[in-house]
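Beneath this line is the structure, given in structure tokens, with notes to follow.
The values are calculated or read from the model by the stated rules, or taken from the named source; none is laboratory data. The structure displayed is predicted, hence computed values, not measured ones. Using ideal geometry, Cβ is built from the backbone for each residue, glycine included, and neighbour counts are taken over all protein chains shown.
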Amino acid sequence: MNENEIQLKVQALVDGELTGREAEELQQRINNDATLQQLHERLTQMRGLIANSELPRPLPESGDFYWNKIAESIEREERAGERIAKPTPANRWLLRWLAPLAGVSTVVLLLTLQQPTAPDLGITLSSDHELELSSDEIDVMTYNSDDDSMSIVWLDYSMDIQKDYMELWLD
Amino acid sequence: MGLLLFGGGGGLALVQADSITVNARLVLGTGKEKQGSKKVSDSIRKRLAKVFKWMHYHQLSSKKLTIDDSKTVTSKLSKNASIKVTNQKNGKVSVSLFSGGKMLLQKTQALRSGHYMVLAGKSTGDSAWFIVLSKSN
């Protein structure tokens, strides 16, 4: 046991933390060692000074009653928290119906905003035109210019018009 | 066909009242300019370029069709494409488009001077065909 450990043991003895044989053995060693005797006396005096200068702090109530009050206070706060968190039946109804409705409304709004719109070509469809298609397989788009000076029928029908035109003259 | 005689300002004018003259143009729209080809008039080019992506419009052919009242005139614009134009009684013009002898569509509308009827579709590569019809003054 080194010197530091012996000093800590003496401190423990003064604080009453050593008992039985261990305390007796250390006491004998202190009795035979002048340095340890001095340390023991100094620590004992210091402990006495601290003990005398410490102000008593009595509890306002008895210990059990004091801790009961704290426990009751904690339980009261927990009950209050549960009351706030628990939705009322009306709130529950609103949450059950309004939350899905709000979700569906949001999706509908987004889909509406993302609907593909016709490109703004500065032309509008006019009803003063008749169009007859001989085949349902051909898709057409019809537009009229704003001033109605040009009507366009775009057919989903490919023709190699340049080659056909050249062949017309070669025939 | 009826003939009307107008007098005014000391002059006389003879007009064929019920016949019309329609210009039918076969046009090729391309992204690149084709050297040596005849371009369409500025009026037609501007109108088409405002709507379509192609910037260059080459006039392959132009035919002037004089059509009497309630009569139909057929014009072959290319080997496979032809049109039949009818001068209807109500002042409207009916245009039928044929490809390979099969009618694709028929469009009927009032066609006034300075106005255009356009039939169009995709052609080979990044190009398009246009049949532009207008009424002559």
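Annotations
- Only one entry of B:V95, B:V118, B:V85 meets the criterion of being in a strand (DSSP E or B), closer than 25 Å to A:K163 by Cβ and either touching a helix residue (DSSP H, G or I) at 6+ places or on another chain (Cβ under 7 Å) or at the interface with chain A (Cβ under 7 Å from one of its Cβ atoms) (or both), and that entry is B:V118.
Each row is one residue, and each column tells you yes or no for (1) under 13 Å from the mean Cα position of the chain (by Cα); (2) in contact (Cβ under 8 Å) with a residue 40 or more places away in the chain.
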residue: B:K46; (1), (2): no, no
residue: B:H58; (1), (2): no, no
residue: B:S61; (1), (2): yes, no
residue: B:T66; (1), (2): yes, yes
residue: B:L77; (1), (2): yes, yes
residue: B:F98; (1), (2): no, no
residue: B:L105; (1), (2): no, no
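- Count of segment B:94-120 residues which are among the β-branched types (V, I, T) and surrounded by 20 or more Cβ atoms within 10 Å (Cβ to Cβ): 2
- Within segment B:121-137, the residues that satisfy the criterion of being surrounded by 19 or more Cβ atoms within 10 Å (Cβ to Cβ) and either aromatic (F, W, Y) or closer than 15 Å to B:N80 by Cα (or both) are B:G121, B:S123, B:W129, B:F130, B:I131.
- Residues of segment A:31-80 classified as among the small types (G, A, S), in a helix (DSSP H, G or I) and at pLDDT below 80, total: 3
- Taking the criterion of being under 23 Å from B:K32 (Cβ atoms) and in contact with a Gly (Cβ under 7 Å, 6 or more places away or on another chain), the residues of segment B:82-137 that qualify are B:D126, B:S127, B:A128, B:W129, B:F130.
- Selection within segment A:123-170 - at pLDDT 75 or above and among the acidic types (D, E): A:E130, A:E132, A:D136, A:E137, A:D139, A:D146, A:D147, A:D148, A:D156, A:D160
- Any chance A:D120 is closer than 17 Å to B:L119 by Cα and either away from chain B (no Cβ under 14 Å) or at pLDDT below 85 (or both): no
- Top-ranked residue of segment B:1-48 - restricted to ones that are within 17 Å of B:T66 (Cα to Cα) and modelled with pLDDT under 85, ranked as surrounded by the most Cβ atoms within 10 Å (Cβ to Cβ): B:D18
- Which numbered condition B:S61 misses (of (1) at positive phi; (2) hydroxyl-bearing (S, T, Y); (3) at the interface with chain A (Cβ under 10 Å from one of its Cβ atoms)): (1)
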